[in-house]
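Undergrad: Sharing a structure below in structure tokens format, with a few things to ask.
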Amino acid sequence: MVLGVASRLLELPFIDRAQSVRAMARYPDRAWPDFPLFLQGVREHTKPGDTIAVIVPAMNWDGGYSYAYYRASYFLTGREVLPLVTADNARVQKNFLAAKYIAVFGVGLRVPADIVWREGRGALLRLRQR
Amino acid sequence: MTATLVAILSLAVLGIPIALAVDRRARGPLLIGTAFLYGSGTMYFVLLTLSIAHIRWTLISVTIASLIVFCVAALIARRQSDDVASQQTKLHLLDLVTLFTIVCYTLYATLAPLWEWDFWAIWGLKARTFLEIDGIDWRFLESRWNTFTHPDYPLLVPLNYDFVALLNGGWSDRWMGLTCVAWAVALALVARSLAARETTPFFAALLAMLVAALGFSRYVGLAEGALIAFGGAGVLFVRAALLDDDDVSWRHAALMLGFAANCKNEGLALLVAVTIAVVATSWSRAPVRLRKLAPAYLLAAPWLILRAAHTLPTDIVEGSAISRLLVRLPHAHQILMFLAEELTKPWFWIAILIGILLAPARRRERFTYLVTAIQCVFYVAVYFITPNGLRWHVLSSWPRLTAQIAVPITFAVFLMLANSLLAEEDAPHAEAGFDEY
């Protein structure tokens, strides 16, 4: 019974864990491995209390937006991350207008905005008409 | 890693006088195991109290508050009589195997920064958010956009992470998995010590190994590890209290169950399940025994009051729970079949069931069986009223829930079987308390 519960654990000291370490480190962001780095950049270019909305290629809740929103909330603590899509896939336009910054990752956005910071596949925008 | 290790050690040291105030006889595994659990639970209340008092969490404020608790507990412990015989646990070679499994779990829990979705969407997110303002961010919890974090969940685990982060001088989730190891080890030590009172060192060591394995939550970073530890220890202490009618075990039980209620809502349900089981198994003495459980409710109360005061929503009761129940009741057999199909480690549960049927002295363990059964009923009842998709809810929670209740029932069944293999004189307490219920 003990072995049944913990058999896979018992192998850990005897295997090359480097592969497991890499796999587990990538696991949360396996779809977009560069997303955490982008969020880290957004964090460095914003201040506590700022409101930020996130735009990603998947603007469907279960199709990837929930991941992006939750992950952004985790990396951008202290700021207020506003969702642009709800769990039932309704768009929340007012959050787009209310956010001080728009963090855009993996897509282009054609709106009048100033680019605050840009790197890799992402950019931090500040909308012009306030 | 150093900061996390120092945090774990600090919690254990903070808990030592508390454990001794509860049980002056505690030594060895029991003292170490309960000390860490009390330290962890106390740190939650220290940070909660500071936050309510609008005192910012800093290393200094937390240290001063902890020292006050430490000194008060030490004074209480010193006042207690010294002439009680201390409890010694004889070690066995098998304990080395348990130690090896702990090393294995430590390697697993620290493979990478905590990777579980629910860590960075619930438990870790809250801890990291609170750390930003050095206190509980009620505005964050009350925000309609943050209902995904389950704002109603109690905060023992996030606030323990905050303590680690305070010692670390900032947020880092790289080594926080070590706290899950510490909770599992603490439970194994408690189980080892309690088992040693009832069986031989060999079987006690074997059981501790099993309990350790069951306490190794694969959901590292979530509150499961803490809940399994506090809840498991709480139920085991109630069991011991019922068998020996021992006030010390009642005190341990009440405190552990109170802390379990501050880990997750399932911990609160466990407290209710234990209360019902105590009443059902000792009807004539129930009022006296329920009074002994009162501290658990006192510990659970602050969070319940705070979450009501801040109107933090509970997702499972939103909308009309009754109408969802009525819609699903006609499909009860399908739902139960689905739960049976999705049972993780079915052979483990079949072994437990066979053990219950085979073992003599089943009556002796009826409290543990009843608690497990009632808690299962609570779990299943939630599936009947959940506003989430039933299939998704079951798949995402059922393996975790069944893991939460595995330790006490395994402990009881194992001891029954082990003691039935031993001659009566080799099995201390084997039948003690049989009629005491």
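Undergrad: When residues of the range B:146-179 are filtered for being within 14 Å of chain A (Cβ to nearest Cβ), within 19 Å of residue B:228 (Cβ to Cβ) and among the hydrophobic types (A, V, I, L, M, F, W, C), how many remain?
TA: Applying the first criterion (within 14 Å of chain A (Cβ to nearest Cβ)) to the range B:146-179 yields B:146-151, B:158, B:161-162, B:165, B:170-177.
Still in the running and within 19 Å of residue B:228 (Cβ to Cβ): B:150, B:158, B:161, B:176-177.
Cutting the leftovers down to among the hydrophobic types (A, V, I, L, M, F, W, C) gives us B:176.
Result for the range B:146-179: 1.
Undergrad: Of B:381, B:373, B:332, which residue is of a type in the set (Gly, Ala, Ser) and farther than 20 Å from residue B:270 by Cα? Full working, then the answer.
TA: Numbers: B:381 fails: farther than 20 Å from residue B:270 by Cα; B:373 fails: farther than 20 Å from residue B:270 by Cα.
Among B:381, B:373, B:332, only B:332 is of a type in the set (Gly, Ala, Ser) and farther than 20 Å from residue B:270 by Cα.
Condition check ((1) within 24 Å of residue B:240 (Cβ to Cβ); (2) in contact (Cβ under 8 Å) with a residue 24 or more places away in the chain; (3) of a type in the set (Lys, Arg); (4) touching a helix residue (DSSP H, G or I) at 6+ places or on another chain (Cβ under 7 Å)) across all residues:
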{"residue": "B:174", "(1), (2), (3), (4)": "no, yes, yes, no"}
{"residue": "B:179", "(1), (2), (3), (4)": "no, yes, no, yes"}
{"residue": "B:195", "(1), (2), (3), (4)": "yes, yes, no, yes"}
{"residue": "B:204", "(1), (2), (3), (4)": "yes, yes, no, yes"}
{"residue": "B:210", "(1), (2), (3), (4)": "yes, yes, no, yes"}
{"residue": "B:223", "(1), (2), (3), (4)": "no, yes, no, yes"}
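Undergrad: While we're here: Only residues in the range B:92-115 that are at the interface with another protein chain (Cβ under 7 Å from one of its Cβ atoms) count as the first member; pair them with residues that are buried (at least 18 other Cβ atoms within 10 Å of the Cβ) and of a type in the set (Gly, Ala, Ser), Cβ under 7 angstrom, at least 6 apart or cross-chain, and list the lot.
TA: Every condition considered, the pairs that remain are B:101/A:6; B:101/B:212; B:101/B:213; B:105/B:184.
Undergrad: Sticking with this structure for a sec: Pick out the one residue from A:30, A:71, A:79 that is within 18 Å of residue B:121 (Cα to Cα), surrounded by fewer than 17 Cβ atoms within 10 Å (Cβ to Cβ), out of contact with any Cys (no Cβ under 8 Å at 6 or more places or on another chain) and among the basic types (Lys, Arg).
TA: On the way: A:71 fails: surrounded by fewer than 17 Cβ atoms within 10 Å (Cβ to Cβ); A:79 fails: surrounded by fewer than 17 Cβ atoms within 10 Å (Cβ to Cβ).
Selected residue: A:30, the only one of A:30, A:71, A:79 that is within 18 Å of residue B:121 (Cα to Cα), surrounded by fewer than 17 Cβ atoms within 10 Å (Cβ to Cβ), out of contact with any Cys (no Cβ under 8 Å at 6 or more places or on another chain) and among the basic types (Lys, Arg).
Undergrad: When the range A:94-117 is examined, which residues are found to be over 18 Å from residue A:68 (Cα atoms) and in a strand (DSSP E or B)?
TA: Passing the criteria: A:113, A:114, A:115, A:116, A:117.
Undergrad: In this structure, does residue B:147 turn out to be hydroxyl-bearing (Ser, Thr, Tyr) and at pLDDT 95 or above? Full working, then the answer.
TA: On the way: hydroxyl-bearing (Ser, Thr, Tyr): yes; at pLDDT 95 or above: no.
Taking the combined requirement at face value, the residue does not satisfy it.
Undergrad: For the list (1) surrounded by fewer than 14 Cβ atoms within 10 Å (Cβ to Cβ); (2) more than 13 Å from chain B (Cβ to nearest Cβ), I need the number of the one condition that residue A:38 fails.
TA: Residue A:38 satisfies all of (1) surrounded by fewer than 14 Cβ atoms within 10 Å (Cβ to Cβ); (2) more than 13 Å from chain B (Cβ to nearest Cβ) except (1).
Undergrad: Separate question: Could you tell me which of the residues B:199, B:179 is polar (S, T, N, Q) and modelled with pLDDT under 95? Show your work before the answer.
TA: Working: B:179 fails: modelled with pLDDT under 95.
Testing whether each residue is polar (S, T, N, Q) and modelled with pLDDT under 95 leaves just B:199.
Undergrad: Can I ask one more? Filtering the range B:102-125 down to residues that are part of a helix (DSSP H, G or I) and over 20 Å from the mean Cα position of the chain (by Cα), which residue is surrounded by the fewest Cβ atoms within 10 Å (Cβ to Cβ)?
TA: As a first pass, look at the range B:102-125 and keep what is part of a helix (DSSP H, G or I): B:102-109, B:117-125.
Going one step further and asking which of them are over 20 Å from the mean Cα position of the chain (by Cα), we end up with B:103-104, B:107-108, B:117, B:120-121, B:125.
Values: B:103: 14, B:104: 20, B:107: 18, B:108: 20, B:117: 17, B:120: 23, B:121: 21, B:125: 23.
The qualifying residue surrounded by the fewest Cβ atoms within 10 Å (Cβ to Cβ) is B:103.
Undergrad: Further question on the same structure: Report yes if residue B:134 is within 13 Å of chain A (Cβ to nearest Cβ) and among the acidic types (Asp, Glu), otherwise no. Let's see the steps before the verdict.
TA: Numbers: within 13 Å of chain A (Cβ to nearest Cβ): yes; among the acidic types (Asp, Glu): yes.
Yes; evaluated as a whole, the condition is true for this residue.
Undergrad: A further question follows. Which residues, counting only those in the range B:344-372, are away from chain A (no Cβ under 14 Å) and not hydrophobic (A, V, I, L, M, F, W, C)?
TA: Of everything in the range B:344-372, those that are away from chain A (no Cβ under 14 Å) and not hydrophobic (A, V, I, L, M, F, W, C) turn out to be B:360, B:362, B:363, B:364, B:365, B:366, B:368, B:369, B:372.
Undergrad: Looking at residue A:115 and the list (1) surrounded by fewer than 21 Cβ atoms within 10 Å (Cβ to Cβ); (2) within 14 Å of chain B (Cβ to nearest Cβ); (3) of a type in the set (Val, Ile, Thr), which single condition is not satisfied?
TA: (2)
Undergrad: Of all residues in the range B:126-150, which are within 22 Å of the chain's Cα centre (by Cα) and in a loop (DSSP other than H, G, I, E, B)?
TA: Kept after step one, since they are within 22 Å of the chain's Cα centre (by Cα), are these residues of the range B:126-150: B:126-127, B:149-150.
Hit for the range B:126-150 is B:150, nothing else.
Undergrad: What is the number of the single condition among (1) within 11 Å of chain B (Cβ to nearest Cβ); (2) outside any strand (DSSP E or B) that residue A:65 does not meet?
TA: Condition not satisfied by residue A:65: (1).
Undergrad: Do you know which residues across the range B:81-139 are modelled with pLDDT of 90 or more and β-branched (Val, Ile, Thr)?
TA: B:97, B:98, B:101, B:102, B:103, B:106, B:110, B:122, B:129, B:133, B:136
Undergrad: Residue check: is residue B:129 in contact with a helix residue (DSSP H, G or I) (Cβ under 9 Å, 6 or more places away or on another chain) and more than 9 Å from chain A (Cβ to nearest Cβ)?
TA: Values: in contact with a helix residue (DSSP H, G or I) (Cβ under 9 Å, 6 or more places away or on another chain): yes; more than 9 Å from chain A (Cβ to nearest Cβ): no.
Answer is no for this residue.
Matching residues to (1) aliphatic (A, V, I, L, M); (2) modelled with pLDDT of 90 or more; (3) part of a helix (DSSP H, G or I):
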position	(1), (2), (3)
B:381	yes, yes, yes
B:395	yes, yes, yes
B:408	no, yes, yes
B:413	yes, yes, yes
B:425	no, no, yes
B:432	yes, no, no
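Undergrad: Is there a residue in the range A:74-93 that is basic (Lys, Arg) and part of a strand (DSSP E or B)? Explain how you work it out, then say what you get.
TA: Quick first cut of the range A:74-93, residues basic (Lys, Arg) only: A:79, A:91.
So of that shortlist, the ones also part of a strand (DSSP E or B) come out as A:79, A:91.
Yes, there is a match, as at least one residue in the range A:74-93 is basic (Lys, Arg) and part of a strand (DSSP E or B).
Undergrad: Could you name every one of the helices (runs of 4 or more DSSP H) located completely within the range B:222-332 that has at least 2 residues being under 12 Å from the mean Cα position of the chain (by Cα) and either crowded, with 24+ Cβ neighbours inside 10 Å or on the phi > 0 side of the Ramachandran plot (or both)?
TA: Values: elements: B:224-244, B:247-260, B:265-281, B:286-309, B:321-328.
In the range B:222-332, B:224-244, B:247-260, B:265-281 are the helices (runs of 4 or more DSSP H) which contain 2 or more residues that are under 12 Å from the mean Cα position of the chain (by Cα) and either crowded, with 24+ Cβ neighbours inside 10 Å or on the phi > 0 side of the Ramachandran plot (or both).
Undergrad: Looking only at the range A:49-56, decide whether some residue is facing chain B (nearest Cβ under 10 Å), touching a Leu at 6+ places or on another chain (Cβ under 8 Å) and outside any helix (DSSP H, G or I).
TA: no
The values are calculated or read from the model by the stated rules, or taken from the named source; none is laboratory data. Quick caveat: nothing in here was measured; it's all calculated off a predicted structure. Cβ atoms come from the backbone with ideal geometry, glycine included; neighbour counts cover every protein chain shown.
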